[in-house]
């Protein structure tokens, strides 16, 4: 029988849960990580690998992201595992004057927060990223943006956490939280009860279901992102690429034309070339419950949007599609910290599309909190 | 772009073409989609004479049966899209790429006749050039008229291994040995006898331990196996050859059925996971039918009968030929029973009966 | 090697001869046949080397499924040569002449 | 000056100065800095998170290693422009040697290779334990070899042998050994093996290997083959160009 008492029980084996386990174990705490399926089986295994700074709103969101970016540079050596970290810089594609105005004000605020972002006219943008369409307005460029392989990141955190003594238990579903006089002090699993000082709920979209029996209602719900995968290609896309309409949808949804198909499905371009040469091309943003299927309309809309901004990709072959369910919150910010009125329970969830970028800082902050 | 058909059939092999012929004969507007340049599936590489009775076109060679089916389909006005790929099934919509264009077909009934694909093997050197699927060898010789090697070892003594070994001899190659891990030949004795009397050693209880060569295969090491399939010490033989044929069975090509959400059953005898279906070949999804190797690996003659059954049933469900449908289906089923008779057919007949029984228990998802 | 006459199939249909270019060398092919058939007929069995371990690969499944036989055709990468018909003047590039730095 | 007439091979006296004493070798991993010329250079000093390496203000000074502080982490290996740093651990039944490697093809964990000495001569057989290619290493892989203990001070390079792997995923060149290891580390479904090893993620999308992967999972876990389900089928089942999927031009 495994030891059943720990300082910290982490629920969820995605990038957030494994990051928490890693930083907490490294700080000398005894940690058990409980994952109902396998490492990166959920959202972390079905997303892109963006570590993008310039999409974050100046303020706490950007500060978290910049702290995370600094941690990433250490992780490359610390984890002793190839997480395919590529500090390649990012671009946000601007189609028209309206988007340019939004990006200009965004970039000015970011500069005040210490993030350097350049605005490039289309000729200069196309010199740096050959695949861009010639009739666009231009693009922003931020050297601090990077990319990582999310699956390898979660695996790297897990392996390093294990080296620091953490007990990782994939295939172990948490069936309930144990509370004693109002304080959470453990979890129940099919393999027995586990007692601990703190429970960290890092189960992404499944977090609300975990904590609801305690009367906590978290406003996290699944938002589906459908992504296309291409054949392996020679170097084709040099940066991580977003489109400004992604930010419009995020920060000024009232500016979107509701008639357009790609807006109906919430399509925002997100393109990266992975270490094996394949491109990941995303993505829709739809509320479809827990359905992880890809749809004909969704795939067509993602492809059409990508072709409009990157016409050079028209001849590239699609070999697969997948959909991930991102943990959406209404204010676009993750829920990180102790649950109000429920001592012993810590929440680390609701990162939507920022989970990869923010996993190190989330793990680190939670570990610091539990010192 | 959306087109409307009564019945859309994925796959223009023996099952798909037979289904189309029956459906069109009864008046259904039928389309067959196939990714290959030529219709007929694997029939056109099968240059041996088929078994069965006169009704099953016994004694006729595979490619000749294919030509007859094609002529029949053409006469009945079946539309056949070649070089056209079914890349997805979304509810009752069939997504097809044809001539560089994405076409969404709204079909009232869908028949999946996607066939099966050859199994791969794993031994050191199995990825070397010169190690090929038996089906690849057969296509090269019989369709493209190219002999891929001169000295061949064939792995697997099912009918595919035996027949392709024979066809290699016909095309002028030397078959150095046919090896089989089991203690007896898997396919028909008459097929084995043909290559035996041509001097090909059939080594049972033997497998390929490894293939080797610089840049491409130059030889294999064979290993004798004991009853528990473990190598016998000192039982290794090295053969200098330039080609290895792999004939270790087929797996039903079921991705479209999984994608559509059909329920599956695992049947080792039929090649793995296959979609549950009823006696009319309809899956657990209303309006989605299956026929041929996708429902379990058998022979082309059985695939054609299953196709006929699916074609009659799908057409009847739309009101075409409904009056005679029960009698028509009964006739097909009795011919199919004949093909699944005798000691060779028994395993398949039992496995098929189990599928039908499980289908009755499974919850139906009729809309 | 081509199978010109056959006891069941008879003599091979003549077919129109075309020329394809493999890594800069001309190669005779028969119109309509797959690239892989033309290469095998000329005795070429190694079509490429793999990215991870630089190992040789050729035709394996012969039906466009396994992708072992992929090459660059007229500048397009990842073309399945076993299901892509030759065309007169087609330019086929393997990666066989690229020697990875430091390969021993 | 020491090492000016450098032959490419350290003299016995130079070696004696850089090799750790047997007591230290037996205590666990330790760096061996085979740098004996006064080259103006000091990245090793900065690379060490434990302050075990000192070069000092005069950067032509030879690095001094405090073997008590050195944990044998190997972070200095890829930082040395001269590839002169190795980490040797002779505390176990067999010795391990971490060394920098900048050739292709890279070996894979589990490979058996020819171990070479400082003159490039075969010194015996080594097993590759680990190949670290993290991006921060900037093209220098750090390879960990297991060698017989008596070769701990001898082996400083290796040469790959002809690989003898049993490939399961032909597209991504994933071997049977790698898949079995992933299953033993907890991957119990085709999807989990795919994420852990990339078997089935290549151009053919697992259409060649999925059956073999299922069989290995069933063998390793004792599951019935019926319980090992294929990975979720997602469109497209055949490749199609992005532009074709996008539909007619400008229909957005």
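Every read-out reported here was derived from the displayed coordinates using simple, explicitly stated rules and does not represent laboratory data. Predicted, not measured: the structure shown is a model, and the values here were computed from it. Using ideal geometry, Cβ is built from the backbone for each residue, glycine included, and neighbour counts are taken over all protein chains shown.
So what is the calculated 222 nm ellipticity per residue for chain D, using -39500 (n - 2.57) for each DSSP H run with n of 4 or more, over all residues, to the nearest 500 deg cm²/dmol?
On the way: 7 runs with 52 residues, N = 252.
Value at 222 nm, helices only, nearest 500: -5500 deg cm²/dmol.
Return the ratio Rg/(2.2 N^0.38 Å) for the range B:305-367, where Rg is computed over Cα atoms only.
1.29
Treating the angle as unsigned and between 0 and 90°, give the value, to the nearest 10°, between the Cα long axis of helix B:342-361 and the longest Cα principal axis of chain B.
40
If you average over every viewing direction, what projected area does the convex hull of the Cα atoms of the protein assembly as shown give, in nm²?
Details: hull surface 189.3 nm².
The orientation-averaged projected area of the Cα hull of the protein assembly as shown comes to 47.3 nm².
Alpha carbon centre of the range D:195-252 versus the range A:118-159: separation in Å?
28
Can you give the FRET efficiency to the nearest 0.05 for residue D:54 and residue B:349, using r as the Cβ-Cβ distance and R₀ = 56 Å?
0.10
Once you wrap a convex hull around the alpha carbon atoms of the range D:1-123, what is its projected area averaged over all directions, in nm²?
8.5
As a test of the formula, what do you get for chain B when each DSSP H run with n ≥ 4 contributes -39,500 (n - 2.57) and the sum is divided by the residue count, at 222 nm and rounded to the nearest 500 deg cm²/dmol?
So the calculated ellipticity at 222 nm is -9500 deg cm²/dmol.
Once the Cβ-Cβ distance between residue B:229 and residue D:112 is put in as r, and R0 is 25 Å, what FRET efficiency do you end up with, to the nearest 0.05? Walk me through the numbers before you get to the answer.
Numbers: r = 26 Å, r/R0 = 1.03.
It comes out at approximately 0.45.
Would you mind giving the three semi-axes, in whole Å and largest first, of the ellipsoid equivalent to the range D:167-227 according to its Cα gyration tensor?
On the way: eigenvalues 58, 27, 17 Å².
So the three semi-axes of the range D:167-227 are 17, 12, 9 Å.
Could you list A:329, B:243 so that the one with the fewest beta carbons within 10 Å of its beta carbon is first and the one with the most is last?
So the residues, fewest neighbours to most, are A:329, B:243.
Please give the average number of partner chain Cβ atoms lying within 10 Å of the Cβ of each residue in A:74-86, rounded to a whole number. Spell out each step's value before the answer.
Working: counts 2, 2, 4, 10, 4, 2, 7, 4, 8, 3, 3, 3, 1.
That works out to 4 on average.
In chain C, if every C-alpha pair distance is counted and binned at 5 Å from zero, what percent goes to each bin?
With 5 Å bins starting at 0, P(r) equals 2, 12, 22, 24, 18, 11, 6, 3, 1, 1, 0.
If each residue's Cβ is checked for other Cβ atoms within 10 Å, how do D:197, C:72, A:230 rank with the fewest at the top?
C:72, D:197, A:230
Per residue of A:316-327, count partner chain C-beta atoms within 10 Å of its C-beta, then hand back the mean as an integer.
5
So, R0 is 30 Å and r is the distance between the beta-carbons of residue A:255 and residue D:181; what FRET efficiency does that work out to, to 0.05?
So the FRET efficiency works out to roughly 0.05.
In degrees between 0 and 90, to the nearest 10, how far off the longest principal axis of chain B does helix B:322-339 point, with axes built from Cα atoms?
10
Just for the Cα atoms in the range A:146-260, what are the lengths along the principal axes, largest first, rounded to whole Å?
Each principal axis gives a Cα extent; for the range A:146-260 these are 53, 39, 21 Å.
Relative to a virtual label point 7 Å from the Cα of residue B:341 in the Cα→beta-carbon direction, which members of the range B:275-315 show backbone nitrogen distances below 16 Å?
B:302
In whole angstrom, note down how far apart the Cα centers of the range A:170-236 and the range A:42-75 are.
Each part's Cα centre sits 20 Å from the other's.
Compute the separation of the alpha-carbon centres of the range B:1-53 and the range B:267-338 and state it in Å as a whole number.
Answer, in whole Å: 14.
At a 10 Å Cβ-Cβ cut-off, how would you order B:34, A:276, fewest neighbours first? Intermediate results must be reported in sequence, preceding the final value.
Numbers: B:34 25, A:276 17.
Going from sparsest to densest Cβ surroundings: A:276, B:34.
Based on the alpha carbons, how large is the Rg to Rh ratio for chain B when Rh follows Kirkwood?
1.00
Could you check the spin-label model distance between residue A:67 and residue B:79? Points 7 Å from the Cα along Cα→Cβ, value in nm.
Those two pseudo-labels are separated by 6.2 nm.
Quick check: residue separation of residue B:204 and residue B:238 times 0.36 nm, minus the Cα distance between them. What number comes out in nm? Mind showing how you got there, number by number?
Values: separation 34, 0.36 × 34 = 12.24 nm, distance 1.61 nm.
Working it through step by step, the gained length comes to 10.6 nm.
Specify the angular offset, from 0 to 90 degrees and rounded to the nearest 10, of the alpha carbon long axis of helix A:15-26 from the longest principal axis of the alpha carbons in chain A.
50
Averaged across the residues of B:88-101, what count of C-beta atoms belonging to other chains lies within 10 Å of each residue's C-beta?
Working: counts 13, 4, 7, 2, 0, 1, 0, 8, 1, 7, 1, 1, 4, 3.
Across the residues of B:88-101, the mean count of other-chain Cβ atoms within 10 Å is 4.
Given the range B:131-243, what whole percent of its Cα pairs are spread farther than 20 Å?
The answer is 39 percent, as a whole percent.
Take chain B, connect every pair of alpha-carbon atoms lying under 10 Å apart with a spring to form a Gaussian network, then pick out the residue of B:254, B:295, B:37 with the largest mean-square fluctuation.
Residue with maximal mean-square fluctuation among B:254, B:295, B:37: B:37.
What does the helix-only formula give at 222 nm for chain A: each DSSP H stretch with n ≥ 4 adding -39500 (n - 2.57), the total divided by the residues, and the result rounded to the nearest 500 deg cm²/dmol?
Helix-only estimate at 222 nm: -9500 deg cm²/dmol.
Most fluctuating residue of A:162, A:212, A:292 in a GNM of chain A with Cα springs under 10 Å: which is it?
Of A:162, A:212, A:292, the most mobile in the Gaussian network model is A:212.
Largest first and in whole Å, give the semi-axes of the range B:243-367's equivalent ellipsoid, each being the square root of 5 times a Cα gyration tensor eigenvalue.
Working: eigenvalues 114, 68, 36 Å².
In descending order, the three semi-axes are 24, 18, 13 Å.
Considering only A:68, A:113, A:315, give the residue with the highest GNM mean-square fluctuation for chain A, with springs between Cα atoms whenever their separation is below 10 Å.
For chain A, modelled as a Gaussian network with Cα springs under 10 Å, the answer is A:315.
How far apart, in nm, are two points set 7 Å out from the Cα along the Cα-to-Cβ line at residue D:102 and at residue B:91?
Taking the simple label geometry, residue D:102 and residue B:91 are separated by 6.0 nm.
Just to be sure I understand the model, the point goes 7 Å from the Cα along the line to the Cβ. What's the resulting residue A:291 to residue C:4 distance in nm?
6.2
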